[in-house]
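**Student:** One structure, pasted below without further comment.
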Amino acid sequence: MAVPTTLIQPSKPRRVPTAVLISGRGSNMEALLAASRDPAFPAEITLVLSNNPGAPGLASAAKQGIEAMAIDHRPFGRDREAHERALQEVLVAHGIQLVCLAGYMRVLTPWLVGRWEGRMLNIHPALLPKFPGLHTHERALEAGEGQHGCTVHLVTAGVDEGPILGQASVPVLAGDTPATLGARVLAREHELYPAMLARSAQAILDGQ
Ligand code: GAR
């Protein structure tokens with residue numbers, strides 16, 4: 001008599017397909033990629049996009065086997081939305097469900113932001129709501145802050161204004177320059193961003 005058998009297939013952990021958008025160096029992207037290499041990490045980074053074809057992070061991602069693509073904003077001139085429509089087409093074609101801005105240095109229009117409501121994260125190198133915008137480390141030093149740091153927040157139409165998901169702080173030390181302070185903050189960014197991505201992706205998997 002044939003013995004009934006059950007085919008047991010190892011279930012692949014469900015993960016949230018995630019894209020990282022960069023404009024340059026990509027050290028936060030590297031931190032996110034490193035975290036997502038763990039199959040138990042709830043987000044899987046499947047795409048890296050840049051507005052800058054020369055972004056060093058693109059080559060690095062491609063070397064690690066991640067699809068990496070540039071959509072240069074320059075041919076689109078002042079038509080920001082047209083550039084974003086091209087980005088959106090690629091994001092949709094890749095089945096992306098969560099987007100991480102990681103040093104993506106273009107202000108997004110409400111059109112793209114509206115398509116990713118609650119699903120687009122950004123990292124900012126300051127303790128928001130302090131110091132939105134650029135040159136945050138210089139401004140923190142000029143203001144005589146005792147603490148500085150970084151913030152991961154949801155992206156909304158107002159620049160650096162969306163709901164805060166998490167923050168990490170560092171002390172400002174005597175003799176700090178924007179470079180030394182910035183390096184101390186960056187080390188915390190590399191811890192904070194993967195942790196916040198994990199939390200957001202897990203919430204999606206849990207249907208929250
Ligand atoms: C990071 O410090 C990030 O917080 C900042 O740009 C740097 C990118 O570095 N982002 C912004 O200022 C956004 N307004 P990275 O390319 O090495 O991740």
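The values are calculated or read from the model by the stated rules, or taken from the named source; none is laboratory data. Bear in mind the structure is a predicted one, so any value in this text is a computation, not a measurement. Heads up, the Cβs are rebuilt from the backbone with ideal geometry, glycines too, and the neighbour counts pull from every protein chain shown. We work out accessible area using only protein heavy atoms, side chains counted, and drop any ligands, DNA or RNA first. Shrake-Rupley method; radii C 1.70, N 1.55, O 1.52, S 1.80 Å.
**Student:** Does A59 satisfy being open to solvent by 20 Å² or more (accessible area, probe 1.4 Å), part of a helix (DSSP H, G or I), out of contact with any strand residue (DSSP E or B) (no Cβ under 7 Å at 6 or more places or on another chain) and farther than 28 Å from E161 by Cβ?
**Tutor:** When the stated conditions are applied, A59 passes them.
**Student:** If a residue must be within 11 Å of the ligand (Cβ to nearest atom) and touching a strand residue (DSSP E or B) at 6+ places or on another chain (Cβ under 7 Å), how many such residues does the range 178-193 contain?
**Tutor:** 5
**Student:** From the set of residues in the range 161-179 that are of a type outside the set (D, E, K, R) and over 23 Å from the mean Cα position of the chain (by Cα), which is most open to solvent (accessible area, probe 1.4 Å)?
**Tutor:** A174
**Student:** Now for a separate question. Checking R199 against (1) within 27 Å of V16 (Cβ to Cβ); (2) not in a helix (DSSP H, G or I), only one condition comes out false. Which one?
**Tutor:** (2)
**Student:** Please state which one of V107, V90, V99, V48 is in contact (Cβ under 8 Å) with a residue 24 or more places away in the chain and touching a Phe, Trp or Tyr at 6+ places or on another chain (Cβ under 8 Å).
**Tutor:** V99
**Student:** Ok, one more. What pairs come out if I take residues in the range 15-34 that are in contact (Cβ under 8 Å) with a residue 24 or more places away in the chain and pair them with residues that are open to solvent by less than 30 Å² (accessible area, probe 1.4 Å) and among the aromatic types (F, W, Y) whose C-beta lies under 7 Å away, six or more apart or interchain?
**Tutor:** Listed pairs, sorted by first residue: L21/Y104; I22/Y104; S23/Y104; N28/Y193; A31/Y193; L32/Y193.
Each row is one residue, and each column tells you yes or no for (1) under 25 Å from A55 (Cβ atoms); (2) in contact with a Leu (Cβ under 9 Å, 6 or more places away or on another chain); (3) hydrophobic (A, V, I, L, M, F, W, C).
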residue: C100; (1), (2), (3): yes, yes, yes
residue: L134; (1), (2), (3): yes, no, yes
residue: V152; (1), (2), (3): yes, yes, yes
residue: L165; (1), (2), (3): yes, yes, yes
residue: V170; (1), (2), (3): no, yes, yes
residue: L186; (1), (2), (3): yes, no, yes
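**Student:** From the set of residues in the range 112-160 that are of a type in the set (D, E, K, R) and more than 16 Å from the chain's Cα centre (by Cα), which is farthest from the ligand (Cβ to nearest atom)?
**Tutor:** Checked the range 112-160; the qualifying residue farthest from the ligand (Cβ to nearest atom) is R115.
**Student:** Can you tell me which residues in the range 116-167 are closer than 18 Å to T18 by Cα and of a type in the set (A, V, I, L, M, F, W, C)?
**Tutor:** W116, M120, L121, I123, V152, L154, V155, L165
**Student:** Restrict the check to the range 183-193 and report whether at least one residue is assigned to a loop (DSSP other than H, G, I, E, B) and either loosely packed, with under 15 Cβ neighbours inside 10 Å or hydroxyl-bearing (S, T, Y) (or both).
**Tutor:** Scanning the range 183-193, I find no residue that is assigned to a loop (DSSP other than H, G, I, E, B) and either loosely packed, with under 15 Cβ neighbours inside 10 Å or hydroxyl-bearing (S, T, Y) (or both), so the answer is no.
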